[in-house]
Structures are given as C-alpha cells and as structure tokens.
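Here's the structure, in structure tokens; my notes come after.
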Amino acid sequence: MKKKGTRPVSRHGADDDFRNRLDDSRLLRVIEKIYKKEYGYSARKYLLTSAPRPQAERILSTLELAPPSITKMFKRRLHGRHKKDEWTPAIPFPAVRKKGDKKYFVEEVHSGGFKVDFPKLASEGRLLYTTMKPSEFLGYAYDGELVEERSDDDVAATESKVKRKEKRLREDEPLKTPYLKLDLARCMFILHDGRHRVVAADERGVKEVPVLVEHQVPTGKEETSCLRNRNRWRKEDAPSPNLRGSSRV
C-alpha cells in the first residue's frame, strides 16, 4: 500500500537533484572556472556526460567531502594570488568539450611517473581528497613494509629532484597531488607518491598540502573507524635522514 504523502522520484527529478548538487559544490565551481579559463573545457560537463550517473555521483561526493582548504587553494590559483608558502594545486580529474558527436578530453595530470586514477577510485568510493601538514605526510609515507626502504634514497638524486620541485613551487606551477594508499585492515599506509614534492613544499614554508588517500571500501566497524579517525593512522616519528630538511619535518 502506498504511504500517504509520498511519491516516487522521477528520473527527471533525480537528474535535477544531481545538477543542483553540481551547482552547490564550491570546489567544483572553482575548478570549472579554472578549466574554462585556461583550457576552454568543462569539468561539470564531464560529470554530466562522461560517466554513468552512480559513478558520477560518487565522484561528486568525493569533491563534496574535501575540506574547505582544498577549495581555497584552487581559489588562490584562479585569482593568481599564490604566495611563496602556498601550494599551487593541479586538478586531479578531467574535463570535456564536445564538438558534434565527438568528445575531447583534457587532463592536467599527464606527466610521466605514477598516476592516480581519480575518476575510477572516486567512482568506486575508494578515495579521500584531503590536506595534511608536510610533516604528517612524510611520517605516513615511511610506514609499511611495501614502501621503499630508506636505503633506496640516493642523496644526490634526491637533492636534484627536490630542487626541481622547489623551482616549480617558486614559479607557481600546478603540482600533481601527493598520494597515499591506506590499508584499512592494518590501519597503515602501504604505498606513496610525492615525497620530493612535499619536502620541497616544506622547505618553502608551505603549511598544508593536498593529498589523495586511496583505500578499499570498508567492511565492518574497525575498518570504518580507521577510515574516519586519522589519529589511528600509523606513522613514523623520523622520516628518511637522506631527505634534505627531514630533521625539521
């Protein structure tokens, strides 16, 4: 029996709700302006047309759950107001432009090396978009047996990489977001990418960096607690001594 005062949500109504969420996302609005200003592409259109709706909704949820400090970073980039002690973020997911029957994509994270598949992980509900102090990131990056050993650090190569990252920070070039992979069963990090970027940021006095945290879908109270409670995340007290400036982080 149909309950009094209830009515099924129409497909059109659900579409309107999703569009309203797109409009209400402050982070997405800023990213949209950057993509249109610098490339002439649309992140909003990407979410509307380039992914099945359930996946697009989870990607949007990842953006909605990002802290306001992420939005502030992108606002500073949009208005060109970055200072020496601030991170210039790269947009971690694509935008789209449609010409006729063809779609053309642009993505800022196109350099070589490790790449986080933001759309895939976010659409599966397996990604946190957050911020950390440089010292916090570096502490997490050195925990876990799957992370490279400290002895793998080559001092000369490390110095060169850090200097290159510092130059990009100094010139306000957008930097790829540092990455951590969290094993919820053990509540510890097992993979990372971005140490040299973060060390360079720390040496320039950057107080906060954006971070993408990959995780599996939690099963049970313990894994859910690990995901929600950052105080449970294991980290080392002393990052690699071969990283320049590590004594201060």
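The values are calculated or read from the model by the stated rules, or taken from the named source; none is laboratory data. These numbers come from a predicted model, not from an experiment. Backbone-built Cβ (ideal geometry, glycine too); neighbour counts: all protein chains shown.
Observations on the structure shown:
- Unmet criterion (only one of (1) at pLDDT 95 or above; (2) under 29 Å from K165 (Cα atoms); (3) over 15 Å from the mean Cα position of the chain (by Cα); (4) of a type outside the set (D, E, K, R)) for I31: (3)
- Only residues that are exposed (fewer than 14 other Cβ atoms within 10 Å of the Cβ) and part of a strand (DSSP E or B) were counted in segment 83-135, giving 6.
- Within segment 192-216, considering residues that are among the hydrophobic types (A, V, I, L, M, F, W, C) and touching an Asp or Glu at 6+ places or on another chain (Cβ under 7 Å), the one farthest from K133 (Cα to Cα): A200
- Checked across segment 61-69, the condition of being part of a helix (DSSP H, G or I), modelled with pLDDT of 95 or more and out of contact with any Leu (no Cβ under 9 Å at 6 or more places or on another chain) holds for at least one residue.
- Count of segment 163-220 residues which are among the basic types (K, R), in contact with a helix residue (DSSP H, G or I) (Cβ under 9 Å, 6 or more places away or on another chain) and assigned to a helix (DSSP H, G or I): 7
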